[in-house]
Amino acid sequence: MKARKAIILAAGKGTRMGALSSQMPKPLVPVAGRALLDRILDRLKEAKVMSVVVNIHHLPDMMEAHLQPEIETRYVQVSDERAALLETGGGVKKALPLLGTLPFFVINGDALWVDNSTSSLDRMAALFDPEKMDILLLLAPVSEALGYDGAGDFTGAFTKDAFPLSFRGEALSAPYVFAGVQVIKPAQYDGSPEGAWSNVELFRKAAAAGRLFGTVIEGHWMHVGTVAAIHEAEAKLTALGVQ
């Protein structure tokens, strides 16, 4: 049951980008000359993901124009949220008819990572065990997360493969931050509310049942939340020799 479909969450307004967010959707922001969205699509194609859904809301015509070549080949389908922004959970729920019945990837539209020798998506597809997992998250160590200044999201007893996660809760810090990539079963959306809501609610439900797992990236993750972070990410990509 390897995940072979994906949705890229690209509908948000990207307000932390300031004036730049009024000019273009955040997933279209270029980093070292290539849009964040295109870099994600590159990783999905390398992992032989068969089809991709991209949800749109902010500056939707610009998004559709950018994606038109992929839409024409039917590699990408658009989930249109022009009428209302549905957040991460509601956005995936709306797109479920396009995603099938098997576990699939959910990727934040501003996710930026560089793998070492092994594709993170391939690793996650291989590690996802539906018998014991409902959700598998890609994690980055807070200590190595470029551009991230938060306190971390999750704790867990590290293993090289996948391990159960707990939320940081009241602790002052946690060692891992969610890197914006997950594998999830579509059944997790059964009974979920209509309208706008966050996928974090599903993370909490899975964690409470002992079925939220994580795996740590074997590579480099960059948090591209601001204009300043774009420049940091570009410098990192240059240092890594990545185009």
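The values are calculated or read from the model by the stated rules, or taken from the named source; none is laboratory data. Given the structure is predicted, the values throughout are model-derived calculations rather than measurements. Cβ atoms come from the backbone with ideal geometry, glycine included; neighbour counts cover every protein chain shown.
Could you list, in sequence order, the residues of segment 189-231 that are over 16 Å from the mean Cα position of the chain (by Cα), farther than 26 Å from VAL92 by Cβ and either of a type in the set (A, V, I, L, M, F, W, C) or crowded, with 16+ Cβ neighbours inside 10 Å (or both)?
VAL227, ALA228, ILE230
Against the conditions (1) loosely packed, with under 14 Cβ neighbours inside 10 Å; (2) at pLDDT below 95, where does GLY12 fall short? Just the number, please.
(1)
So, restricting to strands (runs of 3 or more DSSP E) that lie completely within segment 97-192, which ones have at least 1 residues that are of a type in the set (Asp, Glu)?
Passing ranges, in order: 111-115.
Test GLY241 against the criterion of being under 30 Å from GLY100 (Cβ atoms) and small (Gly, Ala, Ser), and give yes or no.
Spelling it out, it is not the case that GLY241 is under 30 Å from GLY100 (Cβ atoms) and small (Gly, Ala, Ser).
With the structure loaded, tell me whether VAL29 is over 29 Å from GLU194 (Cα atoms) and surrounded by 20 or more Cβ atoms within 10 Å (Cβ to Cβ) or whether it fails that test.
Yes.
Looking at (1) touching a residue at least 24 places away in the same chain (Cβ under 8 Å); (2) of a type outside the set (Val, Ile, Thr); (3) under 24 Å from GLY12 (Cβ atoms), find the lone condition where PHE158 falls short.
(3)
Considering only residues that are farther than 17 Å from GLU64 by Cβ and either touching a helix residue (DSSP H, G or I) at 6+ places or on another chain (Cβ under 8 Å) or polar (S, T, N, Q) (or both), which ones fall in segment 15-28? Before you say what the answer is, go through the steps one by one.
Just the residues of segment 15-28 that are farther than 17 Å from GLU64 by Cβ, to begin with: 15-22.
THR15, MET17, GLY18, LEU20, SER21, SER22 - these are the residues of segment 15-28 that are farther than 17 Å from GLU64 by Cβ and either touching a helix residue (DSSP H, G or I) at 6+ places or on another chain (Cβ under 8 Å) or polar (S, T, N, Q) (or both).
Please go through segment 143-173 and pick out each residue that is within 17 Å of the chain's Cα centre (by Cα), crowded, with 18+ Cβ neighbours inside 10 Å and aliphatic (A, V, I, L, M).
Selection gives ALA145 alone.
What are the residues in segment 45-58 that are crowded, with 20+ Cβ neighbours inside 10 Å and either β-branched (Val, Ile, Thr) or touching a helix residue (DSSP H, G or I) at 6+ places or on another chain (Cβ under 8 Å) (or both), if any?
Answer for segment 45-58, where residues must be crowded, with 20+ Cβ neighbours inside 10 Å and either β-branched (Val, Ile, Thr) or touching a helix residue (DSSP H, G or I) at 6+ places or on another chain (Cβ under 8 Å) (or both): ALA47, VAL49, VAL52, VAL53, VAL54, ASN55, ILE56, HIS58.
I'd like the residue in segment 126-142 that is hydrophobic (A, V, I, L, M, F, W, C) and farther than 15 Å from ILE217 by Cα and, out of all such residues, is surrounded by the most Cβ atoms within 10 Å (Cβ to Cβ).
Only one residue fits best here, namely ILE135.
Between a residue in segment 100-127 that is among the small types (Gly, Ala, Ser) and any residue that is in a strand (DSSP E or B) and crowded, with 18+ Cβ neighbours inside 10 Å, which pairs come within a Cβ distance under 6 Å, given they are 6 or more apart or on different chains?
GLY100/LYS5; GLY109/ILE8; GLY109/LEU9; ALA111/GLY180; ALA111/VAL181; SER120/LEU138
Kindly check whether there is at least one residue in segment 77-85 that is small (Gly, Ala, Ser) and crowded, with 19+ Cβ neighbours inside 10 Å.
Within segment 77-85, one or more residues are small (Gly, Ala, Ser) and crowded, with 19+ Cβ neighbours inside 10 Å.
Of all residues in segment 202-243, count the ones that are small (Gly, Ala, Ser), within 25 Å of ARG16 (Cβ to Cβ) and out of contact with any Phe, Trp or Tyr (no Cβ under 7 Å at 6 or more places or on another chain).
6
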